[in-house]
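Below is one structure, written out as structure tokens, with a few remarks after it.
The values are calculated or read from the model by the stated rules, or taken from the named source; none is laboratory data. Please read these numbers as outputs of a predicted model, since none were measured by experiment. Here the Cβ positions follow ideal geometry from the backbone for every residue, glycine too, while neighbour counts run over all protein chains shown.
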């Protein structure tokens with residue numbers, strides 16, 4: 001039986017045509033029957049899981065009827081629950097492949113496969129298994145919010161919190177968190193309450209470049225999407241502005257744009273906090289705000305962020321150019337006035353051409369985009 005199952009998996013291979021021919025010939029029913037017999041030889045179980053994984057390979061190419069594949073999901077679940085590492089690995093490979101086919105997500109939910117995958121995050125530290133599990137969660141959370149709360153109820157946040165400091169999987173964990181943040185305030189509140197923000201700040205400071213970029217995506221989304229000013233206070237108190245500012249120099253326009261949005265939100269929080277403090281007694285701790293300083297702007301200026309913003313006003317990406325100039329204009333007006341003082345005034349010389357300002361560049365860039 002083991003040799004027959006193995007031969008079938010080799011025969012099907014990567015061929016979509018042979019896969020569909022096998023399904024049309026009723027192979028699914030035979031697999032379910034053999035699996036239900038409960039062979040004591042684990043090599044048979046491994047061969048079953050390998051064959052199932054082959055059937056789900058490239059499943060989106062000329063996909064069969066979902067109802068024909070549905071009986072295989074309980075077979076996969078039995079593979080996930082086995083103690084045999086090779087059989088479990090093949091079952092996880094099948095999950096990673098079937099999740100590319102969105103029509104089976106509800107079937108995975110109904111057959112408790114999603115719950116079992118979350119539970120495996122706690123039980124398995126094999127990196128290959130972790131990658132398969134995280135890929136499934138990555139794919140589903142990126143495309144739908146339907147199953148997020150369900151996954152969290154089974155302990156997703158608790159397990160991700162343990163995995164986040166692990167360098168090889170930290171990037172995937174940050175990606176999942178970034179997906180969840182985009183789902184709205186309820187998930188953002190849960191992320192803050194679970195204590196992910198200090199962990200993301202640590203990743204932003206110590207991890208490799210790609211993981212830091214993914215962590216910054218998650219943090220920037222938290223900053224921009226939250227409607228709770230206490231969340232912004234937590235982020236300001238963590239002093240992560242330096243780490244965010246360091247990423248303003250990367251060659252990633254989307255990331256830079258997100259960081260500029262986050263900086264603008266934090267500066268707006270600083271300005272709002274200043275306005276609220278003006279109603280306090282001048283003898284209180286908040287009296288130091290009464291000189292008109294935005295403490296977030298002061299910290300950013302001390303970190304040299306103004307210089308980076310000034311550099312970004314010359315960006316060829318119009319979105320970045322506009323955002324950088326708006327931040328300077330609104331939150332660093334004194335520096336803008338100082339910059340304008342160094343621009344020579346037009347003295348009447350016909351041969352003299354006054355240098356263009358960043359405002360001129362902004363208008364010119366927008367007009368060029370429109371004319372194209």
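Count of the range 209-251 residues, restricted to those that are exposed (fewer than 14 other Cβ atoms within 10 Å of the Cβ) and under 17 Å from residue 191 (Cβ atoms), is 6.
A residue that is within 18 Å of residue 111 (Cα to Cα) and crowded, with 20+ Cβ neighbours inside 10 Å cannot be found anywhere in the range 36-45.
Apart from one condition, residue 67 fits all of (1) part of a helix (DSSP H, G or I); (2) free of Cβ contacts under 8 Å to residues at least 12 places away in the same chain; (3) under 22 Å from residue 42 (Cβ atoms); the exception is (3). Checking each residue in the range 196-208 for being outside any helix (DSSP H, G or I) and either buried (at least 21 other Cβ atoms within 10 Å of the Cβ) or on the phi > 0 side of the Ramachandran plot (or both) picks out no residue at all. If I ask for residues that are in contact with a helix residue (DSSP H, G or I) (Cβ under 7 Å, 6 or more places away or on another chain) and not in a loop (DSSP other than H, G, I, E, B), which ones from the range 70-83 would you list? The answer is 72, 73, 75, 76, 77, 78, 79, 80. Test residue 107 against the stated conditions and say whether it is over 24 Å from residue 42 (Cβ atoms) and either within 22 Å of the chain's Cα centre (by Cα) or touching a residue at least 12 places away in the same chain (Cβ under 8 Å) (or both). Spelling it out, residue 107 is indeed over 24 Å from residue 42 (Cβ atoms) and either within 22 Å of the chain's Cα centre (by Cα) or touching a residue at least 12 places away in the same chain (Cβ under 8 Å) (or both). Counting residues in the range 287-296 that are modelled with pLDDT under 95, closer than 22 Å to residue 334 by Cα and within 27 Å of the chain's Cα centre (by Cα) gives one or more.
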